[in-house]
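The values are calculated or read from the model by the stated rules, or taken from the named source; none is laboratory data. The shown structure was predicted, so the numbers you read here are calculated from the model rather than taken from an experiment. Here Cβ is always computed from backbone atoms with ideal geometry, including for glycine, and neighbour counts include all displayed protein chains. Only protein heavy atoms, including side chains, enter the accessible area calculation; ligands, DNA and RNA are left aside. Shrake-Rupley method; radii C 1.70, N 1.55, O 1.52, S 1.80 Å.
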2 protein chains.
Amino acid sequence: MNNNSVFINKLRSSGLRPTKQRIKICKLLFDRKNTFHFTINHLNNILKNKYVEKISLATVYNTVHAFKKMGYLKEISINSDKSYYDTNVTNHHHFFDENKRELIDLDDKDVGKINIKKVLPGKKINSIEVLVKIANNN
Amino acid sequence: MNNNSVFINKLRSSGLRPTKQRIKICKLLFDRKNTFHFTINHLNNILKNKYVEKISLATVYNTVHAFKKMGYLKEISINSDKSYYDTNVTNHHHFFDENKRELIDLDDKDVGKINIKKVLPGKKINSIEVLVKIANNN
DNA sequence: GATGTAAATTATAATGATTCTAAACTAGAG
DNA sequence: CTCTAGTTTAGAATCATTATAATTTACATC
């Protein structure tokens, strides 16, 4: 379990003031062993249950955006009415379980190298995302 | 240029009554050589310009949903505030141009075979989608 | 420690895509 | 022609997200 100073430093080093709201969200998102996939609504519910003092929904949005901008979170491409975020910002891919509507990590080794042969003049590749949609087998 | 009877048959054969709205939308979507990528808003604007008699936005939504359900359209996974559709329903992948916010087809041969090595018990793979985000090179 | 100010938080309103509703219309079977 | 289930429609409702503007807070400077 990290103590707050880790997150305070992390925030300060990216030019974000370490407010109590941000520290709580940091603890929730980053003080864990495994990758965490979430929507804003999901995150907001956890925060509501975990703390008495409420964090405004606007702040949750602001904070997630700030963390995404700083590269601490990654937004995953799914056609959904909501945005999905991932605390694992390394290059990796996902299963999307269409029944549970949740993401599951895929290691790079489970996918293999993706080699895009087409080149568009004047354009550079920013990211390559593989989404494998899965569903119950019956 | 296909004549309407092609689309009337196509609609009838999928249990959809060939209304004048659906026929117009069919002509716009499927009477073309190349793949067509669009959002509902985009499609609606084209319809407004092309025909005097207006088609209600609700009908455009209904029709696109019906065509998707019948497998005539494919929805593409992008994290966007809008949904993107593709008239090319074969297995293929996409570039997404983050400046123009538009899709560009990638042939299977431009991507190569994707082989997912991880298997989840009780789950089957429905689709594998590769999205390559690109941006201006400067 | 007090003070000033830019940054952050907040409740709430606004927006925009999508879905719902219920009334009016229409294709097509009989 | 008539009947009915399927469609279309305008507009309302919903839901995620973003904007707004007032209040609060972090923290640099005194």
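Values as computed for the structure displayed
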{"item": "Checking A:Lys113 against (1) within 13 Å of DNA strand D (Cβ to nearest atom); (2) basic (Lys, Arg); (3) not assigned by TED's automatic domain parsing to the domain that holds A:Leu11, the condition it does not meet", "result": "(1)"}
{"item": "Residue that is nearest to DNA strand C (Cβ to nearest atom) [pool: residues in segment A:7-17 that are assigned to a helix (DSSP H, G or I) and closer than 21 Å to A:Tyr51 by Cα]", "result": "A:Leu11"}
{"item": "Residue that is farthest from DNA strand D (Cβ to nearest atom) [pool: residues in segment A:68-96 that are over 20 Å from B:Glu98 (Cα atoms) and away from every other protein chain (no Cβ under 12 Å)]", "result": "A:Thr90"}
{"item": "Boolean, A:Asp108 is open to solvent by less than 30 Å² (accessible area, probe 1.4 Å) and charged (D, E, K, R)", "result": "no"}
{"item": "Of the criteria (1) open to solvent by 70 Å² or more (accessible area, probe 1.4 Å); (2) in contact (Cβ under 8 Å) with a residue 40 or more places away in the chain, which one B:Asn62 fails", "result": "(2)"}
{"item": "Residue selected from segment B:18-46 under the condition assigned to a helix (DSSP H, G or I) and away from DNA strand C (no atom under 14 Å from the Cβ), by the criterion farthest from the other protein chains (Cβ to nearest Cβ)", "result": "B:Lys27"}
{"item": "Flag if A:Ser127 is open to solvent by less than 60 Å² (accessible area, probe 1.4 Å) and either in a helix (DSSP H, G or I) or more than 7 Å from chain B (Cβ to nearest Cβ) (or both)", "result": "no"}
{"item": "Any hit, segment A:105-117, residues being more than 7 Å from chain B (Cβ to nearest Cβ) and of a type in the set (Val, Ile, Thr)", "result": "no"}
{"item": "Selection count, segment B:6-21, where residues are open to solvent by 20 Å² or more (accessible area, probe 1.4 Å) and either in the same structural domain as B:Asp97 (by TED's automatic domain parsing) or not small (Gly, Ala, Ser) (or both)", "result": "11"}
{"item": "Test result for B:Asn99, over 25 Å from A:His92 (Cβ atoms), within 9 Å of chain A (Cβ to nearest Cβ) and not hydroxyl-bearing (Ser, Thr, Tyr)", "result": "yes"}
{"item": "Conditions (1) away from DNA strand D (no atom under 14 Å from the Cβ); (2) over 26 Å from A:Leu106 (Cβ atoms); (3) in a helix (DSSP H, G or I); number of the one not met by A:Thr59", "result": "(1)"}
{"item": "Cβ-Cβ under 8 Å pairs, at least 6 apart or on other chains, segment B:1-22 side more than 20 Å from B:Ala58 (Cα to Cα), far side more than 12 Å from DNA strand C (Cβ to nearest atom) and among the aliphatic types (A, V, I, L, M)", "result": "B:Ser14/B:Met70"}
{"item": "Filter result for the condition that a residue is buried (at least 19 other Cβ atoms within 10 Å of the Cβ) and part of a loop (DSSP other than H, G, I, E, B), over B:Ile78, B:Ile114, B:Ile134", "result": "B:Ile78"}
{"item": "Selection within segment A:22-56 - hydrophobic (A, V, I, L, M, F, W, C), surrounded by fewer than 19 Cβ atoms within 10 Å (Cβ to Cβ) and over 17 Å from the mean Cα position of the chain (by Cα)", "result": "A:Val52"}
